[in-house]
Amino acid sequence: MKMKLGLLYGGKSAEHQVSLQTALAVIGALDRSKFEIYPIYITEQGQWVKGERLEGPVKDVQSLRLTEQTKAISPLSLGRSVAAASEEEDSIDVVFPLLHGPNGEDGTVQGMLELLNIPYVGNGVLASAAGMDKVMMKNIFEQAGLPQAKYVWFIRSEWEKDREAAFAKVEEALGYPCFVKPANLGSSVGISKCKTREELEAAFAEAFQFDRKIIIEENITGREIELGVLGNDEPKCSVVGEVAPKKEFYDYKAKYIDGDTAMIIPAEVSDLEYEMICDYAIRAFKALDGAGLTRADFFLTADSRVYINEVNTMPGFTPYSMFPLLWQHTGVAYPELIERLVNLAIERYEEKQQIKYTM
């Protein structure tokens with residue numbers, strides 16, 4: 001019997017378009033002899049739209065917007081469909097959230113699915129929320145003893161109250177160059193590299209357009225190394241890959257628009273370096289109480305020091321994405337990777353059903 005898989009994509013986020021690209025790639029890779037696919041689209045305004053079962057491939061991203069032939073639904077209706085005893089045509093067995101950024105990758109949707117008792121792919125509320133907020137993530141990594149770049153952070157009201165003090169703190173604690181980032185966004189949206197006070201001032205203004213909290217990190221000179229983690233309680237690591245941008249750093253345009261970067265898989269690292277990277281990735285995964293998958297990003301210096309940069313709790317599945325490519329080179333093809341993630345979701349769901357809620 002085929003599994004009824006609901007693909008949840010779009011979202012009220014600056015990464016809406018990235019999510020659509022991810023959904024298109026996943027739909028193209030799913031084994032239709034094993035899965036029935038139901039699209040669930042969240043518009044830029046936050047409206048939920050559920051489409052009919054997909055009978056064939058989707059031709060382009062625009063077709064995923066589901067604005068003409070479908071009507072809005074309440075997210076709560078997903079819970080009723082899953083809980084129904086009858087074999088409804090549109091019932092769903094597992095939800096696969098393909099959402100990036102706030103209002104999707106940050107634990108909000110995961111919390112709703114938990115309340116509805118629906119199995120879903122990927123990380124739970126805690127890991128998603130902490131993994132989305134770069135400040136909280138780095139605080140947790142610090143507690144776990146993981147080496148990372150020095151950082152400071154600000155909320156918008158603090159900066160607006162005394163901008164000069166904020167800039168001076170960055171210069172004293174980190175110096176130049178440094179990186180300014182929105183705390184709760186991915187895909188390199190709103191990130192700036194700053195070499196001067198003038199650039200720092202512009203970067204603050206840019207980053208605060210996307211979040212009320214920003215983080216500023218010291219520059220680490222080293223190779224950008226990434227690794228995939230797959231599993232629940234016993235996670236495994238993929239081979240490592242290297243991002244070699246032709247620009248100064250791996251920004252949104254290089255990632256998703258012009259492909260102006262090179263991905264080297266597998267990356268050339270020593271056995272000792274790989275062991276260290278893998279150890280840090282699993283420690284980070286467990287520190288966040290991860291489930292399903294993460295992509296862990298590192299800096300590797302010329303003298304073999306490893307610094308964890310961040311983890312992504314819902315890495316993209318676009319044709320340009322590192323995570324599926326890492327596992328492909330590890331021996332797990334894209335369709336098999338998706339199946340494993342769905343199976344891990346069911347495994348975690350069934351484990352949670354053993355929890356007692358009464359005395």
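Couple of notes before you dig in:
- Annotation: of all residues in the stretch 68-94 being touching a helix residue (DSSP H, G or I) at 6+ places or on another chain (Cβ under 6 Å) and of a type in the set (A, V, I, L, M, F, W, C), the one that is modelled with the lowest pLDDT is Ile92.
- Test set (1) farther than 18 Å from Gly122 by Cβ; (2) touching a His at 6+ places or on another chain (Cβ under 6 Å) - Leu64 fails condition number: (2)
- Residue in the stretch 24-46 that is part of a helix (DSSP H, G or I), open to solvent by less than 10 Å² (accessible area, probe 1.4 Å) and not β-branched (Val, Ile, Thr) present: no
- Residue in the stretch 133-152 that is farther than 25 Å from Gly228 by Cβ and either open to solvent by 10 Å² or more (accessible area, probe 1.4 Å) or modelled with pLDDT of 95 or more (or both) present: yes
- Selection count, the stretch 275-285, where residues are touching a residue at least 60 places away in the same chain (Cβ under 8 Å) and either open to solvent by 10 Å² or more (accessible area, probe 1.4 Å) or assigned to a loop (DSSP other than H, G, I, E, B) (or both): 2
- Residue satisfying condition, being under 25 Å from Ala129 (Cα atoms), among the hydroxyl-bearing types (Ser, Thr, Tyr), at pLDDT 95 or above and in contact with a strand residue (DSSP E or B) (Cβ under 9 Å, 6 or more places away or on another chain), within set Thr294, Thr301: Thr294
- Of the criteria (1) closer than 23 Å to Gly111 by Cβ; (2) surrounded by fewer than 20 Cβ atoms within 10 Å (Cβ to Cβ), which one Thr330 fails: (1)
- Unique residue being assigned to a helix (DSSP H, G or I) and open to solvent by 40 Å² or more (accessible area, probe 1.4 Å) when the list is Leu341, Leu272: Leu272
- Entirely in the stretch 83-194, the strands (runs of 3 or more DSSP E) that have 3 or more residues that are under 30 Å from Leu8 (Cβ atoms): 94-97
- Scanning the stretch 53-67 finds no residues that are within 18 Å of Asn117 (Cβ to Cβ), small (Gly, Ala, Ser) and either modelled with pLDDT of 85 or more or not in a loop (DSSP other than H, G, I, E, B) (or both).
- The residue pairs whose first member lies in the stretch 184-207 and is more than 27 Å from Ser128 (Cβ to Cβ), whose second member is open to solvent by 20 Å² or more (accessible area, probe 1.4 Å) and at pLDDT 95 or above, and whose beta carbons are closer than 6 Å, counting only pairs six or more residues apart or on different chains, are Lys193/Pro177; Lys193/Phe179; Lys195/Tyr176; Lys195/Pro177.
- Within the stretch 304-327, the set of residues being within 23 Å of Gln110 (Cβ to Cβ), open to solvent by 30 Å² or more (accessible area, probe 1.4 Å) and assigned to a loop (DSSP other than H, G, I, E, B) is empty.
- Of all residues making up the stretch 293-346, the number that are of a type in the set (A, V, I, L, M, F, W, C) and either without any contact (Cβ under 8 Å) to a residue 24 or more places away in the chain or more than 30 Å from Gln143 (Cβ to Cβ) (or both): 8
The values are calculated or read from the model by the stated rules, or taken from the named source; none is laboratory data. Note that this is a predicted model, so its numbers are computed, not measured. Because the Cβ atoms are built from the backbone with ideal geometry, glycine has one as well, and the counts that use them run over all protein chains shown. Note: areas computed on protein heavy atoms with side chains; ligands, DNA, RNA excluded. Shrake-Rupley method; radii C 1.70, N 1.55, O 1.52, S 1.80 Å.
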